[in-house]
Amino acid sequence: MDTSAPTAWHLPIAHTHHVSASAGVLSFVGGAGDFDATGRICNPGDLDRQIAGAMANLAEALAPEACTLDDVVRLKAHYTADCDDWEVIAALARFFKVDPMPAISTMPEPMQPFSGQTIQIQAIAQRGWRTHSDMRVAPRPVPPRRQSLFGGRVVTGGLRAGEFIAVANRTAEDAEDLVNHPDDGVAQSHFIMERHTETLAALGASLQDSVKLEGYYFGNTREQWAPLSKARASHFREPGPVATVVPCHRLTPKEALTKVEVMAMRELRNGYDKYIPREDHWPARVWDWTYATPYRQAIRLRDMVWLGGQVPAQPYSNKGRSVMEGQLLPQTRFTMSYIEDLLRPFGRAPADLKLMVCYFTSTGTEAETIAFAKTLADCVGGALPPMTLVPKPMMHSPNTTVEIWGVAQG
């Protein structure tokens, strides 16, 4: 661990790691938690106090990148507690005193990476976006019985800060707190993508401007994944964004079967909104999907390289087979080799990563997280970037134990 700043918080791992970093105009914080200067959780099991501690640590992490909480555009919270998304969104929103609040995405999880932890918070910030001439916000409908949580404030569904756009994740829940199409994950997927289309349109953009899709679904077989995947993909044409979709094990409301969010980039030129061309590389070794999709594996625009979720799939193949089946640490090393392959054509390497988001199979022990982080450190070959580490009881199948995506300095 980095002992050069003993008063700063850090993760309880034995490897030097950054808590914040920047690429292009964006600054990233990985899994900010209620950690103290020794890496200990200050308020084990207490969600409210951990939110306060994590937000204080988030502000501390942003400061070296010349950012404050007011500069946050997109906030993502993975939480483990007996509450629902609206309660967590409201608790987080209280730390943002100026409107509009950021786009806040939430994900309930059955476990956290470190002992006693109940929440980790990831942030994407852009310095001074509130002073930009091009700032647009699309509201998110709040069910009537939840509106009192926000004291009359407007909840952000989508936020455009100059060229960067964040759209909060959502289920197929409507404005009346009812989930559309219960028991039909495909229909729910279409409902969500249609709402995201409407939000992006209000911000002068479309799904084709997406640079990143991140989603969740119930299931651990290809047969459960494929119909929902095809439903989401049908809303894009080539070239689409990079994508990461992993299994979930809990959603709210309980009838929800999937949850999706997008991030996008679009420029304003001479008063017109314009698509931003992307540089795209897909080395032959890197796996492909088992059916034709519009998604890409790595794209660069505005000095940022966005990566799709990499898995230990068989190279040079689209058959969906895993290598080193069921072996987390060997599969993690193999997956990181794909990230190295994808960054190489851009003239970049894993050491250029400024955010890494890692989903991995775990029984829930801190020791497993620490071993996983050590493997990541071995592969990066230097100080680890800001990381969000999300343990899961099961990933896509018993054979596939890890999925990693990130953003690199381009």
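The values are calculated or read from the model by the stated rules, or taken from the named source; none is laboratory data. All values derive from a computational prediction rather than experimental measurement. In this analysis, Cβ positions are derived from the backbone assuming ideal geometry, glycine residues included, and neighbour counts consider all displayed protein chains.
Conditions tested, residue by residue: (1) surrounded by fewer than 18 Cβ atoms within 10 Å (Cβ to Cβ); (2) among the hydroxyl-bearing types (Ser, Thr, Tyr).
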{"position": "299", "(1), (2)": "no, no"}
{"position": "304", "(1), (2)": "no, no"}
{"position": "309", "(1), (2)": "no, no"}
{"position": "318", "(1), (2)": "yes, no"}
{"position": "332", "(1), (2)": "no, yes"}
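Being farther than 24 Å from residue 144 by Cβ and among the hydroxyl-bearing types (Ser, Thr, Tyr) is the filter; apply it to the range 54-112 and report the residue that is surrounded by the most Cβ atoms within 10 Å (Cβ to Cβ).
80
Mind listing whichever residues of the range 389-410 are of a type in the set (S, T, N, Q) and surrounded by fewer than 22 Cβ atoms within 10 Å (Cβ to Cβ)? Walk me through how you get there before you give the answer.
Just the residues of the range 389-410 that are of a type in the set (S, T, N, Q), to begin with: 397, 399-401, 409.
Across the range 389-410, the qualifying residues are 397, 399, 409.
Given (1) over 22 Å from the mean Cα position of the chain (by Cα); (2) under 18 Å from residue 88 (Cα atoms), where does residue 121 come up short, assuming only one miss?
(1)
Output the qualifying pairs, or none if there are none: Cβ atoms under 9 angstrom, residues six or more apart or on different chains, first residue in the range 60-80 and on the phi > 0 side of the Ramachandran plot, second residue buried (at least 24 other Cβ atoms within 10 Å of the Cβ).
Pairs found: 66/27.
For the range 397-410, indicate whether the set of residues that are closer than 22 Å to residue 297 by Cβ, modelled with pLDDT of 95 or more, in a strand (DSSP E or B) and touching a His at 6+ places or on another chain (Cβ under 8 Å) is non-empty.
Yes, the range 397-410 contains a residue that is closer than 22 Å to residue 297 by Cβ, modelled with pLDDT of 95 or more, in a strand (DSSP E or B) and touching a His at 6+ places or on another chain (Cβ under 8 Å).
Tell me, yes or no, whether the range 373-388 has at least one residue that is in contact with an Asp or Glu (Cβ under 7 Å, 6 or more places away or on another chain) and either touching a residue at least 24 places away in the same chain (Cβ under 8 Å) or in a helix (DSSP H, G or I) (or both).
The first filter runs over the range 373-388 and keeps only residues in contact with an Asp or Glu (Cβ under 7 Å, 6 or more places away or on another chain), leaving none.
No, because not a single residue in the range 373-388 is in contact with an Asp or Glu (Cβ under 7 Å, 6 or more places away or on another chain) and either touching a residue at least 24 places away in the same chain (Cβ under 8 Å) or in a helix (DSSP H, G or I) (or both).
From the residues in the range 113-140 that are assigned to a loop (DSSP other than H, G, I, E, B), at pLDDT 95 or above and of a type outside the set (Gly, Ala, Ser), which one is surrounded by the most Cβ atoms within 10 Å (Cβ to Cβ)?
Of the residues in the range 113-140, the ones assigned to a loop (DSSP other than H, G, I, E, B) are 113-118, 127-128, 132-134, 140.
With the extra rule that they be at pLDDT 95 or above, the set shrinks to 113-118, 127-128, 140.
Those left that are additionally of a type outside the set (Gly, Ala, Ser): 113-114, 117-118, 127, 140.
On the way: 113: 29, 114: 23, 117: 25, 118: 23, 127: 16, 140: 19.
Checked the range 113-140; the qualifying residue surrounded by the most Cβ atoms within 10 Å (Cβ to Cβ) is 113.
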